[in-house]
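Enquirer: Mind having a look at this structure? Questions to follow.
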Amino acid sequence: MLSVLLLSGLCLSQESSAPWRQSELIEPSALVKALESKTPPYVICVAFPLLYHGKHIPRAIFAGPGYKPEGIASLKAAASALPKDENIVIYCGCCPMEKCPNVRPAYAALKQMGFTKVRVLDVPTSMHADWYSRGYPSETEEKK
């Protein structure tokens, strides 16, 4: 419960302006279809570790929170091996996207790296409300 309160506090501090175009958003149902295609996009989670480790989109790469320098460094490391024209979808889902502290910095970092096909998963409320509660595919981290 404490972590949820802390995450909510971070969400409240963000501005609602979006650096991406409407065409760079992808609806959850469209991402589900894309994940089932022959050439699925790379999906990168830029959320807090607690959220990723609890449940995430199948095969999503964890980069860490986009608002932290180490999260951006992890994102850059994960993306550095990908072609600049690769389809990439980033998501967080900690709170309503308009208040999310993680997606904007992650999107900006990928664009600055020269990626041309970056899309943002449209999560208007939260991953729970907009993905998991709708029965879309998810997985949990495997314990090693």
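The values are calculated or read from the model by the stated rules, or taken from the named source; none is laboratory data. Predicted model, so just to flag it, every value in this text is computed and none were measured. Backbone-built Cβ (ideal geometry, glycine too); neighbour counts: all protein chains shown.
Enquirer: State all residues of the range 118-144 that are part of a helix (DSSP H, G or I) and in contact with a strand residue (DSSP E or B) (Cβ under 9 Å, 6 or more places away or on another chain); if no residue qualifies, say none.
Expert: Taking the range 118-144 and keeping what is part of a helix (DSSP H, G or I), we get 127-130, 132-134.
MET127, ASP130 - these are the residues of the range 118-144 that are part of a helix (DSSP H, G or I) and in contact with a strand residue (DSSP E or B) (Cβ under 9 Å, 6 or more places away or on another chain).
Enquirer: Those residues that are part of a helix (DSSP H, G or I), without any contact (Cβ under 8 Å) to a residue 12 or more places away in the chain and either in contact with a Leu (Cβ under 8 Å, 6 or more places away or on another chain) or basic (Lys, Arg) (or both), I need them from the range 21-43; list them, please.
Expert: Result: LYS33, single match.
Enquirer: Here is a further query. Among the candidates PRO65, PRO58, which residue alone is part of a loop (DSSP other than H, G, I, E, B), under 15 Å from TYR42 (Cα atoms) and not aliphatic (A, V, I, L, M)?
Expert: Criteria check complete, one pass: PRO58.
Enquirer: Moving on. Kindly indicate the residue of the range 38-86 that is surrounded by fewer than 15 Cβ atoms within 10 Å (Cβ to Cβ) and among the small types (Gly, Ala, Ser) and also modelled with the lowest pLDDT among those meeting that condition.
Expert: Taking the candidates together, the pick is ALA81.
Enquirer: With respect to the numbered conditions (1) over 23 Å from GLN22 (Cβ atoms); (2) surrounded by 21 or more Cβ atoms within 10 Å (Cβ to Cβ), which one is the sole condition not fulfilled by TYR107?
Expert: Checking TYR107 against (1) over 23 Å from GLN22 (Cβ atoms); (2) surrounded by 21 or more Cβ atoms within 10 Å (Cβ to Cβ), the one that fails is (1).
Enquirer: Okay, next question. Can you give me the number of residues within the range 98-110 that are free of Cβ contacts under 8 Å to residues at least 60 places away in the same chain and of a type in the set (Lys, Arg)?
Expert: Of the residues in that region, 0 qualify.
Enquirer: Given the conditions (1) within 13 Å of the chain's Cα centre (by Cα); (2) surrounded by fewer than 14 Cβ atoms within 10 Å (Cβ to Cβ), which single one is not true for LEU121?
Expert: It is condition (2) that LEU121 fails.
Enquirer: Also: In this structure, is LYS55 of a type in the set (Lys, Arg), in contact with a Phe, Trp or Tyr (Cβ under 7 Å, 6 or more places away or on another chain) and either at positive phi or touching a residue at least 40 places away in the same chain (Cβ under 8 Å) (or both)?
Expert: yes
Enquirer: In the range 6-21, is there at least one residue being surrounded by 12 or more Cβ atoms within 10 Å (Cβ to Cβ), over 16 Å from LYS117 (Cα atoms) and at pLDDT 95 or above?
Expert: So far as the range 6-21 goes, no, none of its residues is surrounded by 12 or more Cβ atoms within 10 Å (Cβ to Cβ), over 16 Å from LYS117 (Cα atoms) and at pLDDT 95 or above.
Enquirer: Another one. In the range 129-144, what count of residues is obtained for those that are surrounded by 12 or more Cβ atoms within 10 Å (Cβ to Cβ) and modelled with pLDDT of 95 or more?
Expert: 7
Enquirer: While we're on this one: Looking at (1) farther than 20 Å from PRO19 by Cβ; (2) at pLDDT 95 or above; (3) part of a loop (DSSP other than H, G, I, E, B); (4) not basic (Lys, Arg), find the lone condition where PHE115 falls short.
Expert: Result: PHE115 passes all but (1).
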